[in-house]
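Inspection log for the structure reproduced underneath, given as structure tokens.
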Amino acid sequence: MTTLIFTNARLIDPDSGTDSPGWLHITDGLIQGKGNGDVPVADAQVIDCGGKCLAPGIVDIGVKVCEPGERHKESYKSAGLAAAAGGVTTIVTRPDTLPAVDTPETLEFATRRAQADAPVNVLPMAALTKGRDGREMTEIGFLQDAGAVAFTDCDHVITNTKVFSRALTYAKSCGALVIAHPQDPGLSHGAAATSGKFAALRGLPAVSPMAERMGLDRDIALLEMTGAAYHADQITTARALPALERAKRNGLDITAGTSIHHLTLNELDAADYRTFFKVKPPLRSEDDRQAVIEAVRTGLIDTISSMHTPQDEESKRLPFEEAASGAVALETLLPAALRLYHADQLDLPTLFRAMALNPAKRLGLESGRLSEGAPADLVLFDPDVPFVLDRFALKSKSQNTPFDGQRMQGKVISTYVAGKEVFRSS
């Protein structure tokens, strides 16, 4: 048996909501216990954490890996290395590839590539409709058997409510989780910014925050009709929060996430038409950002994800309106989240509740916690070390990050998957 003892650690436990000194005992890749004081195991490899933070590894829902079809943007190997460097121990991959992951054969190809190349856990999602075109649902049962952990058409909103309701009903019968992108596609088509004075001054095509509320309202109505399990991938506006609160209060099986970019950036960051700040949905107002932070603090919004979306230089070096949306964030998720910690807006247990515990719970995983029997997927990090981000030092093949050149605080020291070290900072 392989036994590890992490001593002199600052244990961040999102399950109990505690941030306290102690030790963690690992045997054969599983957590055996934790405590403070004398270590109960004598014959073990001891890792002195030097008072740094030891937390559950991040479970990141909504990562785009561009295999098959666009391997030049991101491969399972590069995404896995980036995840490990960012303290992400489980990536849940999106099916918006070329072709879409909508058949068991495509899913099995992706799974084989991930198992061969990625040093972290990779869990695939599959498309909800064939080709993500919203007309005919996929073979949800067969895809589940092939390993799909959830079903989503990503940012392709299903406009045909009959098709969507049937897919939700079938997913309910299979016990499958559906992840959707709450947005009214008519209002949001072609938008590059959030409507308001700033977008008008910059002459950018914009979308009202109400489009998110309208999309969520429709989806909630279909949930009431079907009883399916549903997760909203990104809630980014204050207007959508009351509807989400009512749906939860009424007992619907609904959870919601938000992206790290919408928590830490706002619409003014795109002032110089810098396309690395163009994401989907577009960055919101500062009032919206503060409302979403508060929703994470109270638990109304359940998860924080990177929404890692690699784009090559050719698709970003275009006029803002024409440039592709998306940003890489596997390596920047944790240091960006620590901005909220250093601003005294969210404490570390709350952050890891949203980045590790709640995503794991939603997917039925045992990870995301420091409890006995959980897999030893861990991140050791120093929340205080300052650095200036250099996008060319990122391990992703694409370096389209809005944080390039920015001063950040907090770096990963090492990452462990099932008790095995998969990353150590140099």
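Tabulated data for the structure shown
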read-out: With DNA, RNA and ligands ignored, accessible area of residue 53 (1.4 Å probe; Å², nearest 10); value: 0 Å²
read-out: Residue 48 paired with residue 345, simple spin-label distance in nm, labels 7 Å along Cα-to-beta-carbon; value: 3.7 nm
read-out: Fraction of antiparallel bridges per DSSP, the chain only, in percent to nearest 5; value: 50 percent
read-out: Inter-part distance where the stretch 57-100 and the stretch 340-362 are each reduced to a Cα centre, Å; value: 21 Å
read-out: Estimated [θ] at 222 nm from DSSP helical runs (n ≥ 4, -39500 (n - 2.57)) normalised by residues in the chain, nearest 500; value: -8000 deg cm²/dmol
read-out: Low-density loop cleavage sites - chymotrypsin sites (Phe, Trp or Tyr not before Pro) in the stretch 213-320, where at most 16 other Cβ are within 10 Å (DSSP); value: 273
read-out: Cβ crowding within 10 Å averaged over residues, with 380-386, 55-61 ranked highest first; value: 55-61, 380-386
read-out: Binned Cα-Cα distances of the stretch 272-406, short to long, each 10 Å bin given as a whole percent; value: 11, 35, 36, 16, 2, 0
read-out: Separation of the residue 169 and residue 424 label points, Cα + 7 Å toward Cβ, nm; value: 5.7 nm
read-out: Centre separation in Å (Cα based) which lies between the stretch 194-251 and the stretch 394-426; value: 32 Å
read-out: Stokes-Einstein D (µm²/s) once Rh is taken as the Kirkwood radius of the stretch 115-269 over alpha-carbon pairs, at 4 °C in 1.567 mPa s; value: 78 µm²/s
read-out: Extended-chain gain in nm, criterion 0.36 nm per residue less alpha-carbon gap, residue 3 and residue 136; value: 42.9 nm
read-out: Calculated diffusion of the stretch 185-256, Stokes-Einstein form, Kirkwood radius summed over Cα pairs, 4 °C and 1.567 mPa s, µm²/s; value: 98 µm²/s
read-out: Fraction in percent of alpha-carbon pairs per bin - 10 Å, the chain; value: 5, 23, 33, 27, 10, 2, 0
read-out: Accessible area per residue, Å², the stretch 1-113 with all protein chains present, probe 1.4 Å; value: 38 Å²
read-out: At R0 = 41 Å, FRET efficiency that the Cβ-Cβ distance of residue 160 and residue 272 yields, to 0.05; value: 0.55
read-out: Förster radius 35 Å - calculated FRET efficiency between residue 287 and residue 390, Cβ distance, rounded to 0.05; value: 0.65
read-out: Degrees between helix 333-342 axis and first principal axis of the chain (Cα, 0 to 90, nearest 10); value: 80 degrees
read-out: Carbon and sulfur %, accessible surface of the chain computed with the full protein complex present, 1.4 Å; value: 49 percent
read-out: Longest site-free stretch - the chain; sites: trypsin sites (Lys or Arg not before Pro), DSSP loop, at most 12 other Cβ within 10 Å; value: 136-316
read-out: Convex hull (Cα only) mean projected area of the stretch 20-170, reported in nm² to one decimal; value: 11.7 nm²
read-out: Cα→Cβ-extended label distance, 7 Å offset, between residue 407 and residue 36, nm; value: 3.3 nm
read-out: Solvent exposure ordering (accessible area, 1.4 Å, most first) of 6, 423; value: 423, 6
read-out: Helix 76-85 vs. the chain, principal-axis angle (Cα, 0 to 90°, nearest 10); value: 60 degrees
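The values are calculated or read from the model by the stated rules, or taken from the named source; none is laboratory data. Since the model is a prediction, treat every value here as computed from it, not as a measurement. Quick reminder, even Gly has a Cβ in these numbers, built from the backbone with ideal geometry, and neighbours come from all protein chains shown. Side chains included, ligands, DNA and RNA excluded: accessible areas come from the protein's heavy atoms. Shrake-Rupley method; radii C 1.70, N 1.55, O 1.52, S 1.80 Å.
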